[in-house]
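The values are calculated or read from the model by the stated rules, or taken from the named source; none is laboratory data. Note that this is a predicted model, so its numbers are computed, not measured. In this analysis, Cβ positions are derived from the backbone assuming ideal geometry, glycine residues included, and neighbour counts consider all displayed protein chains. For accessibility, only protein heavy atoms count, side chains too; no ligands or nucleic acids. Shrake-Rupley method; radii C 1.70, N 1.55, O 1.52, S 1.80 Å.
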Amino acid sequence: MEDVSDPPFRRLCKTHGADMMYSEFISSEGLIRDAIKSRQKLDIFDYERPVGIQIFGGDEEAMALSSKIVSTVHPDLIDINFGCPVKKVVCKGAGAGVLKDVDLMIRLTKAVIDSTDLPVTVKTRLGWDESSINIDEVAERLQDIGVQALSIHARTRAQMYKGHSDWSHIARVKNNPRITMPIFGNGDIDSPEKALRYKNEYGIDGIMIGRAAIGYPWIFNEIKHYFKTGEHLPTPSVIDRVEAARNHLMWSMEWKGERLGIVEMRRHYTNYFKGIHSFKDYKQKLVTTDEVDDLFSVMKEIEEVYAGYEFV
């Protein structure tokens, strides 16, 4: 979710039913160096609450200092990312790279816990690879030092985002009589039916939605409505999608400035309008138009041309 789950995106998700959200993950070393991008990621707003700020790193002192910095902006909790599988993070001994050294993971986590009065949670994966799944040990040891909740992505680092997630490992952690902290599941939840089935089958305390919300923030309310009624909400119309894209653009410009907001919004249009036939020309206009008024005109035209369009 790097470069995705910024305040404008989170605002959309909150509007459409997300119960709790996290910042983009923030480098502990970047915070200490006063890196502009890292500092900007500390921006949180009252309408987002409850909201957590997520940090990562491989050095105990840096993690401790960064947690002190994070505490000054008063999030509801600090989350530690021990799950990111990206090579540039893993090579620094951070993210999922720590799965190869559980002792280091515990030291890093304890350094954060000892440096803040905020609740500390962790997100991680099953293990480094299929032959070294260690989530059972990880969960017990994290709980023992005071971690308040654990989110588990049901893949190994070696899998990256490929193949199927295996939630049976999450269920085993949840059913461990030693485990009393909340356990949240993550991985491949992209429909209300799957969310309900996984909740019932694996008994987890909550579900974390990541990639499925990109360009589709409606998924949160859809899942919650399905849990309550067993029925589906109507599929978002083209008008709904244009409204979401327009709001995302406006909020991005407010937060990032007009030029950067326009440019960085371009990565999102494909996801908002996925599934619309013969949309290539409009997509090209959206990703090449530089003026705000012209972008809004393109969106208005999309509303008119595709009025009544039915998604399969």
Practice item. Using θ = phi - 60° and the Karplus relation 6.51 cos²θ - 1.76 cosθ + 1.60, list the HN-Hα couplings for segment 272-280 in order, rounded to whole Hz, with x at every Gly or Pro. Key: 5, 10, 4, x, 8, 5, 6, 9, 4
Revision key, fill the gap. Checking segment 214-281 for GluC sites (Glu not before Pro) in a loop per DSSP with at most 12 other beta-carbon atoms within 10 Å yields E231
**Study point:** Cut-off of 10 Å, at most 14 other beta carbons, DSSP loop: longest stretch of the chain lacking such trypsin sites (Lys or Arg not before Pro)
**Key:** 34-161
Exercise for review: First compute the accessible area of segment 23-126 with a 1.4 Å probe, then give the percent of it belonging to carbon and sulfur atoms.
Suggested key: 53 percent
Review point. Share of antiparallel DSSP beta bridges in the chain, in percent to the nearest 5?
Key: 5 percent
**Study point:** Carbon and sulfur %, accessible surface of segment 143-269 computed with the full protein complex present, 1.4 Å
**Key:** 50 percent
Check your understanding: Using alpha carbons only, how many degrees (0 to 90, rounded to 10) separate the axis of helix 219-229 from the longest principal axis of the chain?
Key -> 80 degrees
Check your understanding: To the nearest 500 deg cm²/dmol, what mean residue ellipticity at 222 nm is calculated for the chain from DSSP H runs of n ≥ 4 alone, each contributing -39,500 (n - 2.57), summed and divided by the residues?
Key -> -13000 deg cm²/dmol
**Study point:** Surface accessible to a 1.4 Å probe, per residue, for the residues of the chain, Å²
**Key:** 47 Å²
Check your understanding: Which pairs, out of K174/K199; K14/K174; K14/K300, put more than 18 Å between their alpha-carbon atoms?
Key -> K14/K174; K14/K300
Check your understanding: How many angstrom lie between the C-alpha centres of segment 1-49 and segment 69-86?
Key -> 10 Å
